[in-house]
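Just below is one structure, and these are the notes that go with it.
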Amino acid sequence: MKKIVFLDEYSIAGRSLDSITSLGEYTAYENTTKEQVVERLKGADVAITNKVLIDGDAMRQLPDLKLICVAATGMNNVDLESAKELGIEVRNAVGYSTTSVAETTLASALALARNVVYFDEYFHDGRYSKADRAFCYDRFTFEIRGKRWGIVGLGNIGREVARLASAFGCDVRYYSTSGAKRQEEYPAMELNELLEWSDIVSVHSPLNERTRGLIGIEELKRMKPTSIIINVARGGIIDESALAEALDKGYVSAAALDVFSVEPLRTSPLYDIKDRYRLLASPHNAWSAAEAIDRLIECVAENIRVWLAKQ
């Protein structure tokens, strides 16, 4: 029976893992530090990791390791070159979070457009009960229907966001971060052109050498002062210090972030922006609807089944 070790089981939020645990001798850890990786994977045939780093040095100390299952789509936490050199298969999970992340993107745009956080607090902190009038116009709101929506990275999630935005009556265009020229339903633009054109920009690309620091202060200055920008892809694509400056100086109206350059984000100018209602932030959970986690678990289980069938 093959030995399967999950290094950060907390990442699946307590959902049932029966489809994985039935496939071998299963051991799980809530979370694992870099220093604990080798000891915990000793004798393991299969490693499962969501965010725990497995580098080449660790792999070279684990002669029994034959399969790494990334419980996510992005594989930047695994040294892929070393894995290939050592004959260790690496499999990720594709498509499980498309609906969840796309819905979060739309929800973020709507929440910012209608200043949902501010008005919810206005109710709950007692200001509404003390008001002498029925309506509160403290914050500007707008509809997204008829707005220009620019998508950075038209992969599976980007296409689903495009479909939903179109259903809400937005005019959608995109920028290809890979540079690939494809026949798409939506017109393509260069990045600077897209930023200048858009009322709403959402980022849906992987983090790689082409996208790291893709949107900095000069790019943000190109946007309309009434525009909003959303990143639910990977931290590091938008320069966080630049975004804090852009929000404070009014280069953009508002932003939503679900991902950060360091997670958890310990210190950042984002914590000190002058008007906190201009930033909607969440702790990398756009992907984590219950249905998406269940699909993720099944993706990992299927990757292990396919590998086992070859043994």
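The values are calculated or read from the model by the stated rules, or taken from the named source; none is laboratory data. The structure displayed is predicted, hence computed values, not measured ones. Every residue, glycine as well, gets a Cβ built from its backbone with ideal geometry; the counts of neighbours run over all protein chains shown. Heavy atoms of the whole protein, side chains included, go into the accessibility calculation; ligands, DNA and RNA do not. Shrake-Rupley method; radii C 1.70, N 1.55, O 1.52, S 1.80 Å.
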What number of residues in the stretch 93-114 are open to solvent by 20 Å² or more (accessible area, probe 1.4 Å), touching a residue at least 60 places away in the same chain (Cβ under 8 Å) and in a loop (DSSP other than H, G, I, E, B)? 2
Does any residue of the stretch 81-90 turn out to be within 21 Å of the chain's Cα centre (by Cα) and either at negative phi or hydroxyl-bearing (Ser, Thr, Tyr) (or both)? yes
Of the conditions (1) modelled with pLDDT of 95 or more; (2) part of a loop (DSSP other than H, G, I, E, B); (3) in contact with a strand residue (DSSP E or B) (Cβ under 9 Å, 6 or more places away or on another chain); (4) crowded, with 19+ Cβ neighbours inside 10 Å, the single one that residue 213 does not satisfy is (4)
Only one of 304, 238 is modelled with pLDDT of 95 or more, touching a strand residue (DSSP E or B) at 6+ places or on another chain (Cβ under 8 Å), over 30 Å from residue 20 (Cβ atoms) and open to solvent by less than 40 Å² (accessible area, probe 1.4 Å); which? 238
For the list (1) open to solvent by 70 Å² or more (accessible area, probe 1.4 Å); (2) under 14 Å from the mean Cα position of the chain (by Cα), I need the number of the one condition that residue 288 fails. (1)
Would you be able to tell me the number of residues in the stretch 41-92 that are at pLDDT below 95 and of a type in the set (A, V, I, L, M)? 2
Closer than 27 Å to residue 100 by Cβ and not β-branched (Val, Ile, Thr): which single residue out of 222, 139, 159 fits that description? 159
Only one of these is of a type outside the set (Val, Ile, Thr), touching a Gly at 6+ places or on another chain (Cβ under 7 Å) and open to solvent by 10 Å² or more (accessible area, probe 1.4 Å): 79, 18. Name it. 79
Read through the list (1) surrounded by fewer than 23 Cβ atoms within 10 Å (Cβ to Cβ); (2) touching a Leu at 6+ places or on another chain (Cβ under 8 Å), then give the number of the only condition that residue 159 fails. (2)
I'd like to know if the stretch 241-264 contains one or more residues that are in a strand (DSSP E or B) and open to solvent by 40 Å² or more (accessible area, probe 1.4 Å). no
Taking first residues from the stretch 24-35 that are more than 9 Å from residue 10 (Cβ to Cβ) and second residues anywhere that are open to solvent by 60 Å² or more (accessible area, probe 1.4 Å) and in a loop (DSSP other than H, G, I, E, B), the pairs with Cβ under 6 Å that are 6 or more apart or on different chains are 24/1; 24/2; 25/1; 34/53
Considering only residues of the stretch 192-209 that are among the polar types (S, T, N, Q) and either open to solvent by 10 Å² or more (accessible area, probe 1.4 Å) or in contact with an Asp or Glu (Cβ under 8 Å, 6 or more places away or on another chain) (or both), which is modelled with the lowest pLDDT? 208
Would you mention how many residues in the stretch 265-278 are over 20 Å from the mean Cα position of the chain (by Cα) and assigned to a loop (DSSP other than H, G, I, E, B)? 3
For the stretch 141-156, indicate whether the set of residues that are surrounded by 11 or more Cβ atoms within 10 Å (Cβ to Cβ), among the aliphatic types (A, V, I, L, M) and out of contact with any strand residue (DSSP E or B) (no Cβ under 8 Å at 6 or more places or on another chain) is non-empty. no
